[in-house]
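Notes follow once the structure below has been shown.
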Amino acid sequence: MDELDLPLRDLVTMMELQIQGMAQFQQTQTDVRDALRSRDWLDLERALRSLDFQAEGLRCLEERRDALWRQIQLRVLGREGRFYETVPLLPEAYRDTLTQLHRGLKVQATGLKGVTEGLASYIQTAGALIQAVIHEIQPALKGRLYSRSGYLRGGDAQPLVLNTQF
């Protein structure tokens, strides 16, 4: 099992980095929510760019972690299997650590999902509200939304700008 020592240490590192990255991603999503609420468009733009960068980093970590885990499973089980099917076959020094990190990833993913869904719900509600207001003010526009400059995308109708700060 000494041949597993390096891949297992790498896996532990990847899982720790993933947990930290997901916590940072969740904080950045909270920053996005706060920027939306305070209508601070510069902070919103910065936070959205940061989210894109962080998402790419998390994707790379996930791919590397998944490849390491598959490699370990092939050596231990001879096939892919469930996490708790594989862990008892690993060296004892790594069992508790991997189990705790696995649980930590699950908890972090659940928290991240909650923040993501809350943010998505907020944005969908705001978009629906804007469309409803536009429809009430000028029903002929059929709830169309406009660009930041106030022009209808792909249209040549007279632009309607309700609030340039929104």
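Observations on the structure shown:
- FRET efficiency, 1/(1 + (r/R0)^6) with R0 45 Å, evaluated for ASP2 and TRP41 via beta carbons: 0.20
- For the stretch 90-104, putting each phi into the Karplus relation 6.51 cos²θ - 1.76 cosθ + 1.60 with θ = phi - 60° gives couplings of 7, x, 4, 4, 9, 4, 5, 4, 5, 5, 5, 5, 4, 5, x Hz, in residue order, rounded to whole numbers and with x for Gly and Pro.
- Förster radius 22 Å - calculated FRET efficiency between LEU74 and THR110, Cβ distance, rounded to 0.05: 0.15
- Virtual spin-label span in nm between ARG64 and HIS102, 7 Å along Cα→Cβ: 2.2
- With a Förster radius of 30 Å applied to the C-beta separation of ARG9 and ARG49, the computed FRET efficiency comes to 0.35.
- Computed over Cα pairs, the Kirkwood radius of the stretch 2-141 leads via Stokes-Einstein (1.567 mPa s, 4 °C) to a diffusion coefficient of 73 µm² per second.
- Stretch gain in nm, segment ARG82-LEU17, where the contour uses 0.36 nm per residue and the Cα spacing is subtracted: 21.2 nm
Laboratory data are not the source of any read-out in this text; all were calculated from the coordinates shown. Quantities reported herein were computed from a predicted structural model and do not represent experimental measurements. We place every Cβ from the backbone using ideal geometry, glycine too, and count neighbours over all the protein chains shown.
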